[in-house]
Every structure is written in C-alpha cells, then in structure tokens.
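Step one of this worksheet: look at the structure below.
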Amino acid sequence: MKDRLTGLSNEIHDVANYGLELAIKNGADEAKIGTSCSQEKRLVMENKKFSLANSMQSQAIGLIIHKNQKKGSATTNRLDRNEFTNIVDNAVNLSQFSIADDALHFPGPEIAQKAKHLDFVFDPKLPELNLDELKTMMKEVGKILNDNPKIALDKFEMSLDVSHSSLHNSHGVFQNEKQTSIQWSWMGMSKDGDQVSGIDYDSGFSYTIEGALEAASLDAKRFTQKLLRSLNPISCPSYKGPIVISPRAAYDLLIGIIMFHASGRQVMDGKSKWIKRIGEQVLSPKLTLTDKPHSKNLMGATAYDGDGIPTEEKVLLQNGILHHHFHDCYSARKTGGQLLGMKGGPFGLHIAPGSMSMIELTSQHKEILYVDRFSGNTDPLTGDFSGVAKSSRLFVDGQDVGCVKETMIAGNSFDLCNQIIGLSAESTIISGSMNCPTFLVDGATVSSSS
C-alpha cells in the first residue's frame, strides 16, 4: 500500500508540473494545481456482524488559472498528459466567461515559503496494517460496545486512511504532505424492555497505530455509559435563564456563529457584524479562541493552507477581543485585510477553558438544563436559534436527576456568547475537530416537552 501510493504520488507530481507549464504556454497568466491521492481500508459492522470490508484508492487533480484577471478551473482523476491538454483548454476557455477581478492572484515563494513537515501526522506503520489486523482491532472495541444487552449498536465503522497531497503554482510554490489516520465511529441506542432511548453517535481518530486501540476503547466505554444513562427520561421544567452547554453542542450554539462573522469571506461579502471591529471587544471577556493547526490531537492538522502558505498558531479572539478575520489570499487582497494562511481553516480550534467544576456549573440555578446535543436551526446572520436539546440532562441543586425527554430551547447565540457565566476547567476533544470546555451561559428559553 505504501509503495503503490508513493509511486502514484510521484506520477501525479510529474503530471502537475507538466500541467503548469502547459497552462502558461496556452495563455494563462498564472496557474495553481492541487493534487491528492489516497487509499482507504474500511470495515463496517451492523447488528454485531461485519457487513462490509473494502479497500479503495482515489486520485484527483484540480487546476485553477487566471487570465486577464479572470478565473477558470477544471478537474480530472486521470493522469495521462493528453487528458491534461483538455483540462487546460477547458480552464482557459471558461475564464473568458468570468468577470475580471483585480484581487485574483496566487502567492509567490516570498509569501508561501516552504512549509516544515509535521512529522506526527504520518505513521509508516499504519499503511502496513491489513484488513485482518484492522478487523481484530475492531472486534476488541466491538466487545465493549456490545457487552451490555441494553445497548443496541446500529452501526460501527473503522477505517484506515493514507493520503499524499500537494500544491503547485506557476510562481514556483510547491508544498506537499503525507498523512495517515485510523478513525472510528458508531451509532446506537439503549433499550430496556419496551423502552428505547434516542439514537446517539460518536467518533474519534488517531494519526498513529500506537495508542489507537486504547483510545478507541476508552471512547467506546464512554459511549456505552452515556447510552445507559439515557433511559427513563423525565420532563424538563420550562424556564428562561441559564443552561449548561456541552462541548459537543458548543459549536452549533456558540462557536459556529463566531466562525461565520470572523470569516474573511463574510467580511468581503458584507455579511459579518465585525467588519470594522478588529481590536474591539465583540463578545464576553471569558472567551478566547485559538487556531492551532499543528495540534497532534486534532484531525485538521496541516503544514500549509489551501493557498500554499505555511500555517501557524493564531489567536482569533482573546478575552472577547477580536484579533483577526481569518482571510485567504483573495479575501485579504479584496478587503485590505491581514493575510493569515487560513484558507480552508481554522484547522485546530482550541477554546480556552475556565476554572469551574461541573458541580459549580450546574449549581448556579435551582433547575438547570445540560444540553448535550442540539438539533435545530440557527440563523448565522442574526444568531437566532431554536431546536431540540437531545441526549440532555436535568440538574437540580447541582445534582444530576436524570436524562430529559427531547426539550425545546431557543435564544440568540450572540446573547449567549455575551452572557457567559463560566467555563469548565476541563476540555474535551469533539470528534477530533475541536478542543472545547463546557459552557454555562444565561439567556436561553427552555420549553418543557410535556
């Protein structure tokens, strides 16, 4: 697997260089090519039986050209040079129908310097793992998930991914990266007699084979314990006031709205509320968000962004003060903003924890809802949201009195982000995508399901 993918990566690299030369020869002022080749081994277990085992290989090349400040693009998954002649012709021809835009450009090597490889994202042992070894590992984790007769596991997947990607442009920029990962995910419910809980899910990953079984097993134990605690739901009282928001629900209710309005593209389109707010207090001073694209604990780790610019840690929001809009090359030039190397990012969101324990978080109100998951609608422009709190629990005087039936919650994300009472001292990694504490916020409307 390793040798095949390395050989394919080298072949794609050669074809990409040929494509750049051909694009300039055929009239493009500048060109960029992104390439990827990957191989996945995947196993699926349904109803305690293996239902799928496969190995798939894929490859892709994407070309973008600028001609007379007009953009054209084309893609292919074929590697022969004759095919690339067609791809270049298509991109150049399409650019004729685009609108000229002075902000279109690709960075040169003085900005997109060669990125330092992140050694931790590639484990040479993972590509050698075969399906039988992956199956053995999956059976070990499956024992935990299927150990209790009250757990009804609907689906369990494990996959091994190996990828080689690169970015080339006609100004001499070249970046490349190899990554490996082993990933797991499951979906299930609990049941006791005629009683059945709602469906829940979870996932995790590791860049290396070392420690992967232990991490997946720990995730499986937490998942089964959560499912067992979801039986015998009670009604949640209706009230308006504080709620506790789990790290899993935080993105939907809090962090997502921040990412929208801090986005360089939204600033460029005039949709952000924070267009001229750099250096100003925009949210609660308890909020600090940092992008850590070199974090070993998050799946988004990368040495360079989609423009080919090396990534580095950036504080986006510190104590509620907006430090940056996260721009790519285009939005930065379009708006006059600061170029950060964040095209395709943020890559590794870390929300700074606070100092409160769960008892302190849940004791601020006589009755308080702990929102574990949110399913509903959020308006990214206004921040208004309404929907259902799922897999959630009720605390009375700081004591967990049980899971609640699906309960309606509503409010405004900006209001909640400005009324943060406290954050937990502990953080949780959510599906490998974000490191986040638990929030205690005020200003939500909770409506009883009864």
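The values are calculated or read from the model by the stated rules, or taken from the named source; none is laboratory data. Here the structure is a predicted model, which is why all the values come from computation and not from measurement. All Cβ positions, even for glycine, are placed from backbone atoms using ideal geometry, and neighbour counts span all protein chains on display. Areas reflect the complete protein model, heavy atoms only, side chains present, ligands, DNA and RNA absent. Shrake-Rupley method; radii C 1.70, N 1.55, O 1.52, S 1.80 Å.
Express in whole angstrom the spacing between the alpha-carbon centres of the range 95-113 and the range 157-214. Here the answer is 33 Å between Cα centres. Taking the Cα centre of the range 231-285 as origin and assigning +1 to Lys and Arg Cβ atoms and -1 to Asp and Glu Cβ atoms, the resulting dipole is close to 140 debye. Listed peptides 255-262, 363-370, 22-29 appear in the order 255-262, 363-370, 22-29 once ranked by packing, highest mean of other Cβ atoms within 10 Å at the front. Descending by average beta-carbon neighbour count within 10 Å, the peptides 371-377, 242-248 line up as 242-248, 371-377, the highest first. The fraction of accessible area contributed by carbon and sulfur in the range 136-285 is 49 percent, rounded to a whole number (1.4 Å probe; ligands and nucleic acids excluded). Our summary gives the range 19-77 a relative contact order of 33 percent, counting only alpha carbon pairs under 8 angstrom and 6 or more residues apart. Only DSSP H runs of four or more residues enter the estimate; each adds -39500 (n - 2.57), and after division by the residues of the chain the mean residue ellipticity at 222 nm equals -7000 deg cm²/dmol.
As a length-normalised measure over Cα pairs under 8 Å and 6 or more apart, the relative contact order of the range 1-120 settles at 23 percent. Note that the range 75-157 shows a convex hull volume over its alpha carbon atoms of 291 Å³ per residue. The residues of the chain expose, per residue, 45 Å² of accessible area to a 1.4 Å probe.
Proximity of backbone amide H atoms, modeled 1.01 Å from N, is registered between Val404 and Ile234, Ser392, Arg393, Leu394 at under 5 Å, excluding neighbours fewer than 5 places apart on the same chain. In the chain, a dipole from Cβ-located charges (positive for Lys and Arg, negative for Asp and Glu) runs towards its positive end, and of Gly279, Gln39, Ala115 it is Gly279 whose Cα lies farthest in that direction. Just so you know, the Rg over Rh for the range 50-203 is 1.16, from Cα atoms, with Rh as the Kirkwood radius.
In summary, the convex hull built on the alpha carbon positions of the range 269-316 has an orientation-averaged projected area of 5.0 nm². Of all DSSP-defined beta bridges confined to the range 310-409, some 95% are antiparallel rather than parallel. Max-minus-min Cα coordinates of the range 182-296 on each principal axis give 58, 47, 26 Å, with the largest extent listed first.
Label-to-label distance, Ala425 versus His105, with points set 7 angstrom from Cα along the beta-carbon direction: 5.0 nm.
Sequentially through the range 309-318, phi angles give Karplus couplings (6.51, -1.76, 1.60; θ = phi - 60°) of 8, x, 8, 7, 5, 9, 7, 8, 9, 10 Hz, Gly and Pro residues having no value and appearing as x. On the range 12-102, 46 percent of the accessible area sits on carbon and sulfur atoms, based on a 1.4 Å probe. Beta-bridge orientation, the chain: approximately 90 percent antiparallel, per DSSP, counting only bridges with both partners inside. Each residue of the range 408-417 was assigned a 3J(HN,Hα) from its phi angle through the Karplus curve 6.51 cos²θ - 1.76 cosθ + 1.60 (θ = phi - 60°); the sequence is 6, 10, 8, x, 10, 4, 5, 4, 5, 5 Hz, with glycine and proline shown as x.
When the chain is fully extended, how far beyond the present Cα-Cα distance does Ile199 get from Asp80, taking 0.36 nm per residue of separation?
This chain segment gains 38.1 nm when fully extended.
Normalising the average separation of contacting C-alpha pairs (under 8 angstrom, six or more residues apart) by the number of residues puts the relative contact order of the chain at 14 percent.
Annotation: peptides 192-202, 116-126, ranked by per-residue average of other Cβ atoms within 10 Å with the highest first, follow the order 116-126, 192-202.
Multiplying the residue separation of Gln399 and Glu46 by 0.36 nm and subtracting their alpha-carbon distance yields 123.4 nm.
Here the extension length gained between Asn68 and Glu360 equals 99.0 nm, from 0.36 nm per residue of separation less the Cα-Cα distance. Once the Cβ-Cβ distance of Lys273 and Gln225 is raised to the sixth power relative to R0 = 51 Å, the FRET efficiency obtained is 0.80.
Comparing Ser295, Ser51, Ser73 in a Gaussian network model of the chain (Cα springs below 10 Å), the most mobile by mean-square fluctuation is Ser51. For the range 167-183, 3J(HN,Hα) computed residue by residue from phi via the Karplus equation (6.51, -1.76, 1.60; θ = phi - 60°) reads 9, 10, 9, 6, 8, x, 7, 9, 10, 8, 7, 10, 9, 10, 7, 10, 10 Hz, glycine and proline entered as x. Dipole check for the chain: with +1 at the C-beta of Lys and Arg, -1 at the C-beta of Asp and Glu, and the Cα centre as origin, the magnitude is about 360 Debye. A dipole drawn for the range 1-99 from +1 and -1 charges on Cβ atoms has a positive end, and of Gly19, Ser51, Thr85 the residue lying farthest that way is Ser51.
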